[in-house]
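Novice: What follows is a single structure, and I will ask about it in a moment.
The values are calculated or read from the model by the stated rules, or taken from the named source; none is laboratory data. These numbers were taken from a predicted model, which means no experiment stands behind them. Please note: Cβ atoms are built from the backbone with ideal geometry, for glycine as well, and neighbour counts cover all protein chains shown. Heavy atoms of the whole protein, side chains included, go into the accessibility calculation; ligands, DNA and RNA do not. Shrake-Rupley method; radii C 1.70, N 1.55, O 1.52, S 1.80 Å.
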Amino acid sequence: MASQSIATLAERYAIPGVATVVAGNGGLAKVVVSTPEAIGEIYLHGSHVTSWKPSDASEALYLSPNSLFQDGRAIRGGVPICFPWFGDKQGDASAPAHGFVRTKSWQLEAIERTEQGVAVTSSTASDETTRKWWPADFRLVCRATFGHELRLELTVTNTGSSPFTFEEALHAYFAVSDAESVVLRGLDGTRYIDKTDNRTEKTQSGDVRIAAETDRVYLNTEHPIQLVDPAGKHQIVIEKQNSWTTVVWNPWIQKSVDLKDLGADQWKRFVCIETCNVVPSSVQLDPGQSHIMAAVISVSDAGVQR
Ligand code: TA6
């Protein structure tokens, strides 16, 4: 299907005074939502949420000031969608990191007012380009609901005639005042793969703090995560559904410099907490089957326990 023009999208899907479609950075189409409960935005490039700010709290998501907004490149920050693999593709160094849907242009399907907020639904599917990288036939639907909470639902459907196994992640960048001062609660005693230490498997002791490059896959956990940012007087809770792994990432100083769409000192401004199903918790779908993974994010600026 030809990509839908921004004016046509706005005419067809906008809700006057609530949500519309505009040209965002790089001229990419984005849906902007503004209600008494929250403001937010999502690009059709990658179905990429780049902002969510409930009316009674500060912006919850980090967006790099150096992010690119162009075909073939992922937006740095917000909530990239990783599918059908996470990180580098096993056995193919030429394949795009984190799969290929975060750089595809998704189709806008609906903008609806619901009890939970304004729901923006977009979709993408396998085509001749994706089949070059991954032979399966699939359809993805992303439903992002902007309200007092940010609710993200990713539905994967096997539209082919053979089973397939995939990884998926809502690779969320959460805004913090200083990554070194935040505390992540909810993973005490959980086993994790430490990707900064030759993928050694370890056990989390107590709260997670960022004191160096941090890149961990927490295993067999559906536990909610509380991100406490005492310096910013900010607290974020991430609840998960149908997700059995949680990734925590911060690039620290050198990687922040090396990543040109991040830049020096940007590592201080975010912590990634990723609702996901990655190895060893990949998901298998038989033909016709669907799987829904969800993250429900809430934020409060008051009463942060130190
Ligand atoms: O989620 C952690 C991670 O896999 C890190 O290893 C790092 O590569 C990060 O994702 C960012 O990946 P990207 O391809 O967006 O630069």
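Novice: Can you give the local net charge around PHE146? Use residues other than it whose beta-carbon is closer than 15 angstrom to its beta-carbon, Lys and Arg +1, Asp and Glu -1.
Specialist: Summing Lys/Arg as +1 and Asp/Glu as -1 gives -3.
Novice: Another question, if that's okay. Full extension from ASP88 to GLN241: what is 0.36 nm times the residue separation minus their Cα-Cα distance, to one decimal in nm?
Specialist: Computed gain between ASP88 and GLN241 is 52.6 nm.
Novice: Also, I was wondering about something else. Need one number: convex hull volume per residue for segment 75-161, Cα atoms only, in Å³.
Specialist: So the per-residue Cα hull volume is 107 Å³.
Novice: Once fully extended, how much extra length lies between TRP133 and ALA264, figured as 0.36 nm per residue of separation less the alpha-carbon to alpha-carbon distance?
Specialist: Between TRP133 and ALA264, full extension yields an extra 43.9 nm.
Novice: Follow-up question, since we're still on this one. Take the solvent-accessible surface of the protein heavy atoms, probe 1.4 Å, and return the percent of it on the chain that carbon and sulfur atoms account for.
Specialist: Values: 6210 of 12980 Å².
Whole-percent figure for carbon plus sulfur exposure: 48.
Novice: A further question follows. If you count only protein heavy atoms and use a 1.4 Å probe, how large is the accessible surface of HIS223, to the nearest 10 Å²?
Specialist: We get 100 Å² for HIS223.
Novice: Using a Gaussian network model of the chain with C-alpha springs under 10 Å, which one of LYS240, LYS202, LYS53 is most mobile by mean-square fluctuation?
Specialist: Of LYS240, LYS202, LYS53, the Gaussian network model singles out LYS202 as fluctuating most.
Novice: So which of LYS30/LYS240; LYS233/LYS268; LYS89/LYS132 end up more than 21 Å apart by C-alpha?
Specialist: Numbers: LYS30/LYS240 26 Å; LYS233/LYS268 16 Å; LYS89/LYS132 13 Å.
Those over the limit are LYS30/LYS240.
Novice: On a 1.4 Å probe surface of the protein chains, which of ILE297, ILE292 comes out largest in accessible area, and what is the full order?
Specialist: Numbers: ILE297 5, ILE292 80 Å².
Correct descending sequence by accessible area is ILE292, ILE297.
Novice: Pick from GLN116, GLN90, GLN235: which is most flexible by mean-square fluctuation in a GNM of the chain where alpha carbon atoms under 10 Å apart are linked?
Specialist: GLN90
Novice: Same structure again: Given points 7 Å out from each Cα along the Cα-Cβ axis, report the GLU222 to ALA23 separation in nanometres with one decimal.
Specialist: So the label points at GLU222 and ALA23 sit 4.6 nm apart.
Novice: In addition: Restricting to DSSP H runs of at least four residues, report the calculated mean residue ellipticity at 222 nm for the chain, -39500 (n - 2.57) per run over all residues, nearest 500 deg cm²/dmol.
Specialist: Computed ellipticity for the chain at 222 nm equals -1500 deg cm²/dmol.
Novice: How many Å² of accessible area per residue for the chain, probe 1.4 Å? Intermediate values should be presented prior to the final figure.
Specialist: Numbers: 12980 Å² over 306 residues.
Each residue of the chain exposes 42 Å² on average to a 1.4 Å probe.
Novice: About the Cα centre of the chain, what is the dipole size in debye to 20, counting +1 per Lys and Arg Cβ and -1 per Asp and Glu Cβ, all else neutral?
Specialist: Values: 28 positive and 36 negative charges, 61 e Å.
Here the chain has a charge dipole of around 300 debye.
Novice: Right, something else. Under a crude label model (7 Å from the Cα following the beta-carbon direction), how far is ASP194 from ASP56 in nanometres?
Specialist: Going by the 7 Å Cα→Cβ label model, 4.0 nm.
Novice: Let me ask you something else. Please identify, among ALA74, ALA29, ALA97, the residue showing maximal mean-square fluctuation in a Gaussian network model of the chain using a 10 angstrom Cα cutoff.
Specialist: ALA97
Novice: In percent, what relative contact order does segment 5-155 have, based on Cα pairs under 8 Å that are 6 or more apart in sequence?
Specialist: For segment 5-155, the relative contact order is 17 percent.
Novice: Check ALA95: other-chain or 5+ apart residues with amide H under 5 Å from its amide H, H built from backbone geometry?
Specialist: For ALA95, whose amide H was placed from the backbone, the distant partners under 5 Å are LYS89.
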